[in-house]
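Report on one structure; see the data block that follows.
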Amino acid sequence: MYDELLANVAILVLSGFVGFAVISKVPNTLHTPLMSGTNAIHGIVVLGALVVFGSVEHPSLAVQIILFVAVVFGTLNVIGGFIVTDRMLGMFKGKKKPVAAGTSGAAASEEPAAK
C-alpha cells in the first residue's frame, strides 16, 4: 500500500511540473480558449467524481467526507474558471460608444409632426 501511495504522489508531482512547463509556453492570446477547454474537462471530472461517490459501497465517514470535499472543490474550480474566462472575454469586447446628448434614442426616432 505504501509503494502505491508513493507512486501516486510521484505521478502527481511530475504531472504538476509537466503542466507548468506546457502552460507557460502557451501565448497570452490562447489562454482564453485553453481555459474554456479545461473548464469542460473539469466538468467531466466532477461528473466522474459524483459517479465514484455514488458507486462506493458502504463508505466510511472519512471516505464520504473526502469525496464530498473533492466534489465541492472541483465544482468551485469549474465555476471560478468560467468566471475568469468571462472576464477575459470581456477584455476583447469593444467599448460602447456614448450616445450624444442631442440624439437620444426616443427623440431621434420620432418624426416631426406634419402641419
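The values are calculated or read from the model by the stated rules, or taken from the named source; none is laboratory data. In this text, all values refer to a predicted model and were calculated from it rather than measured experimentally. With ideal geometry, Cβ positions are generated from the backbone for all residues, glycine too; neighbour counts draw on all protein chains shown.
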Can we say Gly90 is assigned to a helix (DSSP H, G or I), surrounded by 10 or more Cβ atoms within 10 Å (Cβ to Cβ) and among the small types (Gly, Ala, Ser)? no
Being surrounded by 10 or more Cβ atoms within 10 Å (Cβ to Cβ), outside any helix (DSSP H, G or I) and modelled with pLDDT of 85 or more narrows it down to one of Val71, Val9, Val26, Val78, so name that one. Val26
Based on this model, can you work out whether Asn39 counts as in a helix (DSSP H, G or I), surrounded by 12 or more Cβ atoms within 10 Å (Cβ to Cβ), in contact with a Phe, Trp or Tyr (Cβ under 8 Å, 6 or more places away or on another chain) and of a type outside the set (D, E, K, R)? yes
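In region 69-91, how many residues are farther than 16 Å from Ile44 by Cα and free of Cβ contacts under 8 Å to residues at least 24 places away in the same chain? Let's see the steps before the verdict.
Looking only at region 69-91, we keep the residues that are farther than 16 Å from Ile44 by Cα, and these are 69, 83-91.
The next check asks that each one be free of Cβ contacts under 8 Å to residues at least 24 places away in the same chain; those that pass are 69, 83, 86-87, 90-91.
Total satisfying the criteria: 6.
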Given the conditions (1) within 17 Å of the chain's Cα centre (by Cα); (2) among the polar types (S, T, N, Q); (3) over 30 Å from Met91 (Cα atoms), every one holds for Ser15 apart from (1)
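State whether the residues of region 94-110 include one that is of a type outside the set (Phe, Trp, Tyr), at pLDDT below 85 and closer than 25 Å to Ser36 by Cα.
Looking through region 94-110, at least one residue is of a type outside the set (Phe, Trp, Tyr), at pLDDT below 85 and closer than 25 Å to Ser36 by Cα.
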Is there a residue in region 42-58 that is surrounded by 13 or more Cβ atoms within 10 Å (Cβ to Cβ), in a helix (DSSP H, G or I) and hydroxyl-bearing (Ser, Thr, Tyr)? no
